[in-house]
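Working notes, beginning with the structure itself.
The values are calculated or read from the model by the stated rules, or taken from the named source; none is laboratory data. The model shown is predicted, which means the values in this text are computed figures rather than measured ones. Neighbour counts are summed over all protein chains in view; Cβ atoms, including those assigned to glycine, are modelled from backbone coordinates with ideal geometry.
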Amino acid sequence: MPLKNEAKRLWDRNNNRTKRYGNWRQIYHNALGMCEICGEVDNLEIHEETDGIAVIEWHILCTKCHLHIVHKDNKTEWINRKYSSRLAQDINLEIEKYGGLENWRQKFLLKDGLSNGNGIDLYKFQR
């Protein structure tokens, strides 16, 4: 039963990410699975920036520490509780499930070279 429950939780997390961020797998792929600010691979979160009127969002992948710096929060006790990124774990599980990185990329139609080099993902979508 624990495996069935974990598979359900993985499914739910992935569905929630898709609803919130659109093609979140492409965001992760573009950032090479690292924080776009410091290169860290743990504690990753997707951060969204709006254009001021919340019509277009730019997404970047960054650590919780950098996420709080961007939001100007002073929640250092929360930042210091490092844990392995669920995002990275979920991606790794999917890659294993689909038989490797190339199969995973084909399954979700991921493309190379969509980052503009400034840490801003060019995948934008309207709400």
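Picking from residues in segment 75-127 that are of a type in the set (Lys, Arg) and farther than 25 Å from GLU6 by Cβ, the one that is modelled with the lowest pLDDT is ARG127. Looking across ILE27, ILE56, one residue alone is surrounded by 21 or more Cβ atoms within 10 Å (Cβ to Cβ), among the β-branched types (Val, Ile, Thr) and either under 12 Å from the mean Cα position of the chain (by Cα) or at pLDDT below 80 (or both). It is ILE27.
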